[in-house]
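Okay, so here's the structure we're looking at.
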Amino acid sequence: MEGSARPTSGPVSDTLNEQVYQPVPHPQPYYSEGYPQPQPQLSPPLDARGSPGTHPSPNSQATYHDDKSPPLQSAPFGPQTPPFQPQTFQPYSPPYQPPSPNPPYQPGYAPSGSPNPPYQPAYPPSASPNRVTSPASGAPEVIQGFGFYQPQPGQGHRSLSPTLSQGSTAYGSAGRDSIPPNADGKEVYAVYQQPLQQQQQQQQHPEQAEKPRRRVCGLPILLFWIVVGVILLVLLGAGLGAGLGLGLKKKSNPAAAPATNTTKPFTGNPKLSIGGAIDPKYYSTKGAWNGSGIAFAGESFSGGERGLATVYFQHHTGDIRWMRLNSDYNWVGGTKAETVASDAKNSTPLSTVAYVMNGTNTYHLFYISKDGYVIQKSNSNATNFWQDGYVNQLKLKAFDDDSVGLQACWYGNFYGDSDYSKFPTVNGDKNTLAYSSQFGMHLWFPSDATTMEQYGYYEGQKTWISQRKWPGINGHAGVGCYSWGPGTVSYAMMVNLQNTIEFWWKDTNSSLPSTESHPIQSWQNATGAAINNVWPSTSLGYTTFFYAQSDDGFVRGYNISYEAESTTIVQDNTTIVGDASGPVAAIGGSHLTVSAIPNQKGAGANLWVFYQVNGDDITVFQRGLTEGQWGRGPMPIPDL
């Protein structure tokens with residue numbers, strides 16, 4: 001059998017560690033000198049419990065080991081013979097085997113098998129004092145993994161090498177009393193012993209003796225600590241990542257850098273998006289939001305107590321704030337203290353209406369929230385507190401897109417002011433209609449990409465009423481409107497699906513007869529007035545001139561002759577907004593607003609146009625109402 005220890009030739013030393021063996025061909029294995037032949041007088045074969053009886057089968061699995069088990073009734077018992085005297089043999093010299101981790105068989109175990117055949121020693125007995133002759137043991141060698149089915153010499157099996165054994169065997173019967181004593185009355189066990197030289201070395205240097213390795217949780221201690229270290233590193237990395245993420249989240253506005261924009265490449269139409277919606281690198285880090293809505297409210301009716309005008313915008317933090325142009329033409333506000341709302345969506349459109357009622361100045365601001373609803377915030381000089389308006393109760397869902405339109409108009413004039421006398425008419429003439437006693441607002445917003453919704457509100461009511469759906473209208477673009485109050489012709493300007501601005505009119509004078517060419521109380525398209533090739537998401541504004549962004553990025557003003565069904569564009573009377581050096585383009589899809597402000601000299605008014613040039617700015621362009629040189633300057637928007 002491969003791996004068995006075989007004798008080799010050569011001289012024999014007196015010490016066990018220097019033996020040299022000579023192989024001898026023989027069908028039975030040979031032991032080295034010091035192993036005498038087994039005694040010829042043997043007791044009858046032992047049964048599975050160590051009692052005389054029949055020889056069990058080699059496949060027997062009888063494994064009685066307790067001292068209290070009853071004797072086997074089926075095994076015949078013969079006459080008792082003198083007890084078998086096993087001889088203690090001296091160890092031979094195979095390679096050293098470490099002590100077995102498994103305990104030896106209990107004394108109750110007795111192997112079965114026929115008497116061993118006689119063995120012939122390979123060499124004559126030596127007179128070495130290190131060897132003691134003893135009778136051969138009949139105990140089988142214990143082979144790891146073989147269980148109780150051991151090779152039986154009596155059946156032609158060759159004894160296995162001690163190098164495969166567990167290191168020790170115990171020979172005895174099931175009962176302690178049945179273990180035969182040796183000559184001095186002690187129990188005899190056949191135990192494999194280490195060579196003498198190795199025993200002496202371990203006795204002289206016990207610290208060098210191999211010690212069992214410590215194990216923690218079933219792992220070697222070194223491997224255990226490696227695993228613990230790896231786990232700690234993973235937990236530390238996860239903790240640092242989570243902490244960093246939370247820290248960044250606290251320091252930045254969630255609206256400023258949406259996760260979807262930072263992980264997905266932009267695949268939409270760049271003319272229908274703006275700022276960070278196209279690429280996260282375009283998000284503002286100071287000043288205004290890149291793509292901020294802009295709303296202007298003149299306040300000449302307030303008697304100067306609140307300045308000349310208020311501009312609402314979206315700060316780069318996402319908040320909706322206001323700045324005021326005071327009576328000495330300086331801008332104030334724009335800080336965190338001037339916040340109106342913090343729940344607006346990115347690049348929300350803004351629209352505002354302001355008026356006076358019963359001596360109270362009232363302000364309404366409209367925008368789209370992060371969850372897509374049209375929101376109204378209202379304030380007055382009586383409360384100085386922004387609160388929800390009535391339109392919020394309707395839960396009006398706006399078109400969900402990066403760029404959408406929204407417009408609120410005072411049911412009066414295009415200045416958003418109830419005191420008409422402060423401003424000239426559409427043709428620049430002095431306004432003779434000083435005051436309107438009827439108050440109200442119109443509101444337009446897109447419900448999808450091709451539909452505009454129109455709602456109306458009248459002062460004293462507590463709800464908004466749906467007035468009209470406008471199909472075939474570009475929901476990405478803005479809306480323009482103007483009205484001079486009850487009994488006059490109102491106008492609404494919208495962009496169709498071919499990026500052309502349409503002018504719609506409605507005569508509200510019910511005292512006039514309605515005709516096919518001029519119906520009353522019905523919206524009609526003035527087909528003679530149309531502006532082609534505008535930016536698909538352009539904003540619209542109107543004061544004296546009508547303003548829109550062309551597809552080349554420049555903001556142009558058009559002189560419109562408003563005559564109901566005969567409305568036309570006055571040719572060769574168009575202006576391009578800029579400064580002394582020439583036209584200045586807006587960022588694509590910039591929101592814009594237009595209005596008039598009394599000039600510093602107190603004679604007449606100046607036209608003011610607001611839009612974005614760099615992305616974190618709101619730039620003001622101004623000139624005379626109908627003519628003059630353009631000039632510009634930035635609004636001083638705080639970074640904090």
- Item | All positions within the range 596-640 that are touching a Gly at 6+ places or on another chain (Cβ under 8 Å) and more than 20 Å from Ala295 (Cα to Cα) | Gly604, Gly624, Thr626, Trp630
- Is it true that some residue in the range 559-575 is within 30 Å of Trp289 (Cβ to Cβ), charged (D, E, K, R) and either touching a residue at least 24 places away in the same chain (Cβ under 8 Å) or not assigned by TED's automatic domain parsing to the domain that holds Ala408 (or both)? no
- Flag if Pro265 is assigned to a loop (DSSP other than H, G, I, E, B), modelled with pLDDT under 70 and loosely packed, with under 10 Cβ neighbours inside 10 Å: no
- Note on the structure: Among residues of the range 499-526 being without any contact (Cβ under 8 Å) to a residue 24 or more places away in the chain and not in a loop (DSSP other than H, G, I, E, B), the residue farthest from Thr488 (Cα to Cα) is Asn525
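Each row is one residue, and each column tells you yes or no for (1) part of a loop (DSSP other than H, G, I, E, B); (2) within 44 Å of the chain's Cα centre (by Cα).
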{"site": "Gly557", "(1), (2)": "no, no"}
{"site": "Ile569", "(1), (2)": "no, no"}
{"site": "Asp572", "(1), (2)": "no, no"}
{"site": "Ile587", "(1), (2)": "yes, yes"}
{"site": "Lys601", "(1), (2)": "yes, no"}
{"site": "Val609", "(1), (2)": "no, yes"}
- Message: Quick test for you: out of Val495, Val489, Val479, pick the one residue that is in contact with an Asp or Glu (Cβ under 7 Å, 6 or more places away or on another chain), surrounded by 13 or more Cβ atoms within 10 Å (Cβ to Cβ) and assigned by TED's automatic domain parsing to the domain that holds Gly291.
- Response: Val489
- Message: Tell me yes or no: at least one residue of the range 594-608 is out of contact with any Phe, Trp or Tyr (no Cβ under 8 Å at 6 or more places or on another chain), within 26 Å of Gly405 (Cα to Cα) and touching a residue at least 12 places away in the same chain (Cβ under 8 Å).
- Response: no
- Message: Among the residues that make up the range 282-292, is at least one of them over 23 Å from Ala586 (Cα atoms) and either in contact (Cβ under 8 Å) with a residue 24 or more places away in the chain or in the same structural domain as Gly440 (by TED's automatic domain parsing) (or both)?
- Response: no
- Could you look through the range 585-629, keep only residues that are touching a Lys or Arg at 6+ places or on another chain (Cβ under 7 Å) and of a type in the set (A, V, I, L, M, F, W, C), and pick out the one that is surrounded by the most Cβ atoms within 10 Å (Cβ to Cβ)? Leu607
- Take the residues in the range 536-555 that are of a type in the set (S, T, N, Q) and in a strand (DSSP E or B), then tell me which one is farthest from the chain's Cα centre (by Cα). Thr543
- Of the residues in the range 365-381 that are farther than 17 Å from Lys395 by Cα and in a strand (DSSP E or B), the one that is modelled with the highest pLDDT is Asn379
- Task: Consider Val584 carefully, then state whether it is out of contact with any Asp or Glu (no Cβ under 7 Å at 6 or more places or on another chain) and modelled with pLDDT of 95 or more.
- Result: yes
- Message: Looking at Ile637 and the list (1) of a type in the set (A, V, I, L, M, F, W, C); (2) more than 22 Å from Ile274 (Cβ to Cβ); (3) in contact (Cβ under 8 Å) with a residue 40 or more places away in the chain, which single condition is not satisfied?
- Response: (2)
- Which condition number does Met493 fail, the rest of (1) hydrophobic (A, V, I, L, M, F, W, C); (2) in contact with a helix residue (DSSP H, G or I) (Cβ under 6 Å, 6 or more places away or on another chain); (3) under 21 Å from Tyr367 (Cβ atoms) being met? (2)
- Message: Looking only at the range 448-497, count every residue that is of a type in the set (Ser, Thr, Tyr) and closer than 14 Å to Thr538 by Cα and tell me the total.
- Response: 0
- Query: Regarding Thr285, is this residue modelled with pLDDT under 85, surrounded by fewer than 17 Cβ atoms within 10 Å (Cβ to Cβ) and either assigned to a loop (DSSP other than H, G, I, E, B) or not small (Gly, Ala, Ser) (or both)?
  - Reply: no
- Within the range 610-630, is there a residue that is among the small types (Gly, Ala, Ser) and closer than 23 Å to Arg324 by Cα? yes
- Among strands (runs of 3 or more DSSP E) entirely within the range 396-464, at least 3 residues that are modelled with pLDDT of 70 or more and in contact with a Ser or Thr (Cβ under 7 Å, 6 or more places away or on another chain) occur in 407-410
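The values are calculated or read from the model by the stated rules, or taken from the named source; none is laboratory data. Note that the coordinates shown come from a computational prediction; the quantities given were computed from them, not determined experimentally. Cβ atoms come from the backbone with ideal geometry, glycine included; neighbour counts cover every protein chain shown.
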